[in-house]
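Novice: Handing you a structure now.
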């Protein structure tokens, strides 16, 4: 077990170095650095910077998801499209999982269960894989929850945009007004679209970028409808009223789907709590009467 103990110590030490290096290298930059528009490491020289350049950066590229859709996944989840930071977070999660596997191996060895070195390595690999999967699952869950929130906010936002356009405002001004009035994920996406247009993008192009960045299909269809109407010269007010009606119908369907999914869960308190109490209350007088008759 001496070789296994040495291996465990080496792996745990490497995991701790990776965690400390990743956290120290990606601390929030100071306000002056953010105002200059620069993005640099808080410690540019020294062991942390050398660790990042020689070890963390190659490992993060090795462990990154294949393909170029990582930035899109981060945007749809409502996070900054900083792929390097996300990859370093994944390394930290994998290191924590590997450390947990090594700890389980150490505990099993101390209990005298005769754990071999191969079993310890297998536990470490399983722990690292579990950390990888859990980290990816957190991003997927955040994307799904953000899409659900946007779908719930769409009927209200669509109605407000339709009212503003019907009152005489242009589509961009209406979206800007709603973005400054309403709070939520959808309003934040509208504010980003307004900034893109003011930065030089065309209005339909900014709307299509928003449709690609949102995780809700209902919102994407709503935005695409506005973009098509703007390009073809269709009256925006009529299109927005139709889109608002579709959003209300989609909201009703969402509520019905939620009610259908919760129907089985609603039966749990009825079957396991209310129904047994009703049965006891109904049977107790008869049982008590029988006891009095027999006695």
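Novice: Can you name the condition, by its number, that residue 247 falls short on among (1) at pLDDT 80 or above; (2) within 27 Å of the chain's Cα centre (by Cα)?
Specialist: (1)
Novice: Would you list the helices (runs of 4 or more DSSP H) that sit entirely within the stretch 167-217 and hold 3 or more residues that are closer than 14 Å to residue 157 by Cβ?
Specialist: Working: elements: 171-181, 185-198, 203-213.
Helices (runs of 4 or more DSSP H) meeting the threshold: 171-181, 185-198.
Novice: Could you say whether any residue in the stretch 104-111 is more than 27 Å from the chain's Cα centre (by Cα), outside any helix (DSSP H, G or I) and at pLDDT below 85?
Specialist: Going through the stretch 104-111, the residues more than 27 Å from the chain's Cα centre (by Cα) turn out to be 104-111.
This time we only want the ones that are outside any helix (DSSP H, G or I), so: 111.
Filter again for at pLDDT below 85, leaving 111.
Yes; the residues of the stretch 104-111 include at least one that is more than 27 Å from the chain's Cα centre (by Cα), outside any helix (DSSP H, G or I) and at pLDDT below 85.
Novice: If residue 262 satisfies all but one of (1) at pLDDT 80 or above; (2) more than 21 Å from residue 156 (Cβ to Cβ); (3) under 23 Å from the mean Cα position of the chain (by Cα), what's the number of the condition it fails?
Specialist: Only one criterion in (1) at pLDDT 80 or above; (2) more than 21 Å from residue 156 (Cβ to Cβ); (3) under 23 Å from the mean Cα position of the chain (by Cα) is unmet by residue 262, namely (1).
Novice: Run down 222, 284 and say which single residue is touching a helix residue (DSSP H, G or I) at 6+ places or on another chain (Cβ under 7 Å) and either more than 29 Å from residue 148 (Cβ to Cβ) or crowded, with 19+ Cβ neighbours inside 10 Å (or both). Give the steps one after another, and end with the answer.
Specialist: Numbers: 284 fails: touching a helix residue (DSSP H, G or I) at 6+ places or on another chain (Cβ under 7 Å).
After applying the criteria, what remains is 222.
Novice: Out of curiosity, is residue 65 surrounded by fewer than 17 Cβ atoms within 10 Å (Cβ to Cβ), closer than 30 Å to residue 214 by Cβ, modelled with pLDDT under 80 and in contact with a helix residue (DSSP H, G or I) (Cβ under 9 Å, 6 or more places away or on another chain)? Please lay out each step first, then the result.
Specialist: Details: surrounded by fewer than 17 Cβ atoms within 10 Å (Cβ to Cβ): yes; closer than 30 Å to residue 214 by Cβ: yes; modelled with pLDDT under 80: yes; in contact with a helix residue (DSSP H, G or I) (Cβ under 9 Å, 6 or more places away or on another chain): yes.
So residue 65 passes the test.
Novice: Something else about it: When you check residue 239 against the structure, is it free of Cβ contacts under 8 Å to residues at least 40 places away in the same chain, touching a helix residue (DSSP H, G or I) at 6+ places or on another chain (Cβ under 7 Å) and surrounded by fewer than 18 Cβ atoms within 10 Å (Cβ to Cβ), yes or no? Steps first, answer last, please.
Specialist: Working: free of Cβ contacts under 8 Å to residues at least 40 places away in the same chain: yes; touching a helix residue (DSSP H, G or I) at 6+ places or on another chain (Cβ under 7 Å): yes; surrounded by fewer than 18 Cβ atoms within 10 Å (Cβ to Cβ): no.
Taking the combined requirement at face value, the residue does not satisfy it.
Novice: Regarding residue 227, is this residue closer than 30 Å to residue 164 by Cα, in a helix (DSSP H, G or I), without any contact (Cβ under 8 Å) to a residue 12 or more places away in the chain and touching a helix residue (DSSP H, G or I) at 6+ places or on another chain (Cβ under 7 Å)? Even if it seems obvious, please write down each step before you answer.
Specialist: Working: closer than 30 Å to residue 164 by Cα: yes; in a helix (DSSP H, G or I): yes; without any contact (Cβ under 8 Å) to a residue 12 or more places away in the chain: no; touching a helix residue (DSSP H, G or I) at 6+ places or on another chain (Cβ under 7 Å): yes.
The answer is no for residue 227.
Novice: Going by the conditions given, is residue 96 over 21 Å from the mean Cα position of the chain (by Cα) and either farther than 30 Å from residue 80 by Cβ or not assigned by TED's automatic domain parsing to the domain that holds residue 188 (or both)?
Specialist: In short, no.
Novice: Let me ask something else. Quickly run through the stretch 105-130 and pick out the residues that are without any contact (Cβ under 8 Å) to a residue 40 or more places away in the chain and buried (at least 17 other Cβ atoms within 10 Å of the Cβ). Show your work before the answer.
Specialist: Taking the stretch 105-130 as the starting set, the residues that turn out to be without any contact (Cβ under 8 Å) to a residue 40 or more places away in the chain are 107-108, 110-114, 118-119, 122-123, 125-130.
Residues satisfying the conditions are 123, 127, 128, 130.
Novice: Looking only at residues that are under 21 Å from residue 184 (Cβ atoms) and out of contact with any helix residue (DSSP H, G or I) (no Cβ under 7 Å at 6 or more places or on another chain) in the stretch 246-264, which one is surrounded by the most Cβ atoms within 10 Å (Cβ to Cβ)? Full working, then the answer.
Specialist: Restricting attention to the stretch 246-264, the residues satisfying the condition of being under 21 Å from residue 184 (Cβ atoms) are 246-255, 257-258.
So of that shortlist, the ones also out of contact with any helix residue (DSSP H, G or I) (no Cβ under 7 Å at 6 or more places or on another chain) come out as 246, 249, 252-253, 255, 257-258.
On the way: 246: 17, 249: 11, 252: 11, 253: 12, 255: 11, 257: 10, 258: 12.
Among those residues, the one meeting the criterion is 246.
Novice: Sticking with this one: Could you tell me which numbered condition residue 158 fails, if it satisfies all but one of (1) at pLDDT 90 or above; (2) touching a helix residue (DSSP H, G or I) at 6+ places or on another chain (Cβ under 9 Å)?
Specialist: Residue 158 satisfies every listed condition except (1).
Novice: Could you grab me the full set of residues in the stretch 131-160 that are without any contact (Cβ under 8 Å) to a residue 24 or more places away in the chain and either within 18 Å of residue 224 (Cα to Cα) or outside any helix (DSSP H, G or I) (or both)?
Specialist: 160
The values are calculated or read from the model by the stated rules, or taken from the named source; none is laboratory data. This one's a predicted model, so the numbers in the text were calculated from it and none came from an experiment. Counting neighbours? That spans all protein chains shown, and the Cβs are built from the backbone with ideal geometry, glycine included.
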